[in-house]
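A.B. asks: Right, I'll just put the structure down here and ask away after.
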Amino acid sequence: MTAGNINTSYKTSISVAELEEFMLTGKIKPGFEGQVLHLIDETPTSMIVGAVDQLAAKKNIDAQVVWKNLAQVAAEIKSPNKFWEAVSDNPTLFKNKKYPYVVVDLGN
């Protein structure tokens, strides 16, 4: 669902593997700047939370690594979304907390 959401109206689609690589590294591949901007600025927070948790579980890593990468990219692109400031200021924002989110399939 997340990859499908951010690929809307772009000539080149970002694959699930490419989205995962971006989320794991924080490095934007050339040609996917629009999709990353859409992910950071326009994707509902609940979808991002679900995607981060799903990816962290799939790769058996601490979700905070992914949150840090996403918050860093948001700062680099000067995202107006205040959510990313909160994540950047408090990288453990979602650690050990129960919060409502949507479980998503990164590929659908």
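A.B. asks: Spelling out what I want: for every residue of the range 28-45, take phi, set θ = phi - 60°, compute 6.51 cos²θ - 1.76 cosθ + 1.60 (Karplus), and round to whole Hz; glycine and proline get x.
C.D. replies: Computed from phi, the couplings for the range 28-45 are 8, 6, x, x, 10, 4, x, 5, 5, 4, 5, 4, 6, 9, 10, 6, x, 3 Hz.
A.B. asks: Right, here's the next one. Per residue of the range 61-74, what does 6.51 cos²θ - 1.76 cosθ + 1.60 with θ = phi - 60° give for ³J(HN,Hα)? Whole Hz please, x for Gly and Pro, Karplus curve as stated.
C.D. replies: 10, 6, 4, 4, 4, 5, 4, 4, 4, 5, 5, 5, 5, 4
A.B. asks: Mind putting a number on the dipole of the range 2-89 about its Cα centre? Charges go on the C-beta only, +1 for Lys and Arg and -1 for Asp and Glu, and I need it in Debye to the nearest 20.
C.D. replies: 140
A.B. asks: Would you mind ranking THR12, THR43, THR25 by Cβ crowding within 10 Å, fewest neighbours first?
C.D. replies: Ranked by crowding around the Cβ, least crowded first: THR12, THR25, THR43.
Bear in mind that the values in this text are calculations on the coordinates, not laboratory data. Values in this document were obtained by computation on a predicted structure and should not be read as measured data. No Cβ is skipped: glycine too gets one built from the backbone with ideal geometry, and neighbour counts run over all protein chains shown.
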